[in-house]
Amino acid sequence: MTLRLSDLIDDRPTDGAFRVNRAIFTDPGVFDAEIRRLFEGGWVFLGIESQAAGPHDFFTTFAGRVPVLVQRDGEGTLRAFVNTCPHKGARLAQVRQGNARLHVCPYHSWTFDSAGRNKAIKWQKAGCYAEAFDRDDHGLKPLPQFANYRGFLFGSVAGEVTPLGEYLGEATKLLDLVADQSEDGLELVPGQVTFTYEANWKLQLENCSDAYHFTSAHPSYIRVLERRQKEMSGDVVASVWENSDYWKEEAEGVGGGSYSFANGHVLNWGVFGITPAIPLYERAGELAERHGEGKRDWMFNMRNVTIFPNLQIAENASSQLRVIRPIAPGLTEMRTWCIAPKGESAGARRQRIRQYEDFFNPTGMATPDDTVSYENCQIGFAGTVEPWLQGYARGMTASVAGGNRFSDRIDLQPERSVLADSQLCDETLYHAYYRAWAARMAGEFEA
Amino acid sequence: MELTQSQAEQLLYREALLIDTGRFADWLELFTPDVEFWMPAWRDETTTTQDPDRELSLIYYKGRRNLEDRVMRLTSGLSTASTPLPRAVHQVTNVMVTAQDGEGADVSAAFTCHRFDVRMNRADCFFGRYEYRLVRAGQDWKIARKKIILLNDTIPTVVDINAI
């Protein structure tokens, strides 16, 4: 590639400038490098432990282009393998999730146990194999790195990476705010929803952290909320947004803000308060006792977390876990679930699910207005008469090094933070994405 | 009075025509006020979710009031995803009255919906099955329950109530 990094990311803190070139969303060479260096060159999120809870349970996913099988053996050990038969390369496990003591490859019947060991090569003795073949390991190839942080499973196709704890850094505390909502841990509500959009994966990355778009992209949803506020009944779906001023333009004072962390992890957040509109409300007292009020209050804040590059957990209207899978520069697949603390009451779970469907589903009333906007961006990115985008400048004079009084409550130490009223809508948190992106991609470019 | 095959077909065809021609107010009139409108998600490769209170649905509403919200959003001009509205045409086939009782009847059908997204110059096809509960309302029949089993559930950007 003949491009220089500075042609793509214009990062000049002393001049108060941060600009991104449209080409990073459209260029096939950039996309190919992202797959190799970000999605197959370091830690990516694979799934949560409860997707393979019992002996011999498994689930399948991807790390970049690499098909992955996460499998628990009979003794309870969880491992990640490349989901391909060593014989002819056929995908071994065909389904998203299941239970198998043995995986038999449907093509030539090579067989593997739930620890990945080869148990049978069909007609091996009659096969007239040479010694060279016998010397090979015929088991499943483990994913070079695999680690579990509190039920969040990560893997890396590249073997030489910093340990997961170091990679996540302070962002582990953001995952703790999700994991600690129940002593029994987390689960995915049955029913996975998958959708695609015809635009670059980084549009989803940014949108999750984008407070600026809410009143512009979602006025139809806001109007529904306003109608429901006037006319509450058991028939309508209650929403936490109805009980919050967060999205209202006239709201005053600090309503939230953003934190950014090393390696591209970010959080944007807003105060919702301890309200019955949040399904967690039934545990408000218990959670304060167990974790302290500071941490409990944070669990009730609106929080959109990105663990770079492919995991997002959005706790706002409800609670969504999203996995971003880039397919092409202009095509992205999103796998989404409702994530929930185990053991919540039937009423709380129902409320969580109803809120989720209305807001998060591609068949709902909010997400389509985001994804269609991504597609409009992708079309607009061809407008390279002016290649530089201006969407990374809000909050420039409000961003400070370190945390603030809100992060102090849970001893959270971000690299940078912004405290915001409802109209500030920080865009400097994207800088963390693109600084991590630039650091990882640097080797692709001329100096 | 029993629901005839012809009455079942006419109601389902009329519903499709009202959606396809954007007559949403008339479409809403086909439903009872307490209608259950349900499109389950898929639990795995072979089974849909079964319990909307404990499992995720693609769409679940109890009450026509919620469908009115959806129609408002769709026609408000305030939703980027719905402006301009895509063009859609439903084919409803395999209509069968599967059960009758004193209050109403169960009807099963198959559907395909071709949708042309004028914004993206893109055509998609959605297909699946309907399960209806129809109840008597004077001379007419109304929809008390509509379950939509969407078979191709990897959603290309958006699927709204007018394309299923």
Quiz item: Comparing the chain by itself with all protein chains present, which residues of the range B:71-97 are at least 40 Å² less accessible (probe 1.4 Å)?
Solution: B:MET72, B:ARG73, B:LEU78, B:THR80
Self-check item: Accessible area (Å², per residue) of the range A:169-444, counting only protein heavy atoms and a probe of 1.4 Å
Solution: 34
Practice problem: Determine the residues within the range B:10-52 where the difference in accessible area between the chain on its own and the full set of protein chains amounts to at least 50 Å²; count protein heavy atoms only and use a 1.4 Å probe. | Solution: B:GLU45
Practice problem: Give me D for the range A:44-149 in µm² s⁻¹, whole number, from Stokes-Einstein with Rh from the Kirkwood sum over alpha-carbon pairs, 20 °C and 1.002 mPa s. | Solution: 151
Practice problem: Determine ³J(HN,Hα), in whole Hz, for all residues of the range B:80-90 in sequence, where each value follows from phi through the Karplus function 6.51 cos²θ - 1.76 cosθ + 1.60 and θ = phi - 60°; x replaces Gly and Pro. | Solution: 4, 5, 10, 10, x, 5, x, 8, 9, 9, 9
Quiz item: Which of the DSSP-defined H helices in chain A satisfy a minimum axial length of 15 Å, computed from C-alpha atoms, and a minimum mean Kyte-Doolittle hydropathy of -1.0?
Solution: A:367-380, A:429-441
Practice problem: Using the structure shown, select from A:LYS230/A:LYS342; A:LYS230/A:LYS295; A:LYS230/B:LYS62 the pairs with a Cα to Cα distance greater than 27 angstrom. | Solution: A:LYS230/A:LYS342; A:LYS230/A:LYS295
Self-check item: For the range B:33-164: accessible area per residue (Å², 1.4 Å)
Solution: 40
Practice problem: Using Cβ-Cβ distances only, list the Cys residues of chain A with no partner cysteine under 4.7 Å, sorted by number. | Solution: A:CYS128, A:CYS208, A:CYS338, A:CYS377, A:CYS425
Quiz item: Just the Cα atoms of chain B: what Rg and Dmax do they give in Å?
Solution: 15.6, 48
Exercise. List the lysines whose Cα lies under 27 Å from the Cα of A:LYS141, skipping any in the same chain that are fewer than 8 positions away.
Key: A:LYS88, A:LYS119, A:LYS122, A:LYS125
Practice problem: Restricting things to alpha carbons, find the Rg to Rh ratio for chain A using the Kirkwood radius for Rh. | Solution: 0.99
Practice problem: Report the accessible surface area buried between chains A and B, summing both sides, using a 1.4 Å probe on protein heavy atoms only, in Å² rounded to the nearest 100. | Solution: 3800
Exercise. Could I have the simple spin-label model distance between B:ARG54 and A:THR162, label points 7 Å from Cα toward Cβ, reported in nm to one decimal?
Key: 4.3
Quiz item: How much of the accessible area of the protein assembly as shown, in percent, comes from carbon and sulfur atoms when a 1.4 Å probe is used?
Solution: 49
Quiz item: Among the trypsin sites (Lys or Arg not before Pro) within the range A:112-218, which fall in a DSSP loop and have no more than 11 other Cβ atoms within 10 Å of their own Cβ?
Solution: none
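The values are calculated or read from the model by the stated rules, or taken from the named source; none is laboratory data. Since the structure is predicted, the reported quantities are computational estimates derived from the model, not experimental observations. With ideal geometry, Cβ positions are generated from the backbone for all residues, glycine too; neighbour counts draw on all protein chains shown. What goes into the accessible areas is simple: the full protein's heavy atoms, side chains included, and nothing from ligands, DNA or RNA. Shrake-Rupley method; radii C 1.70, N 1.55, O 1.52, S 1.80 Å.
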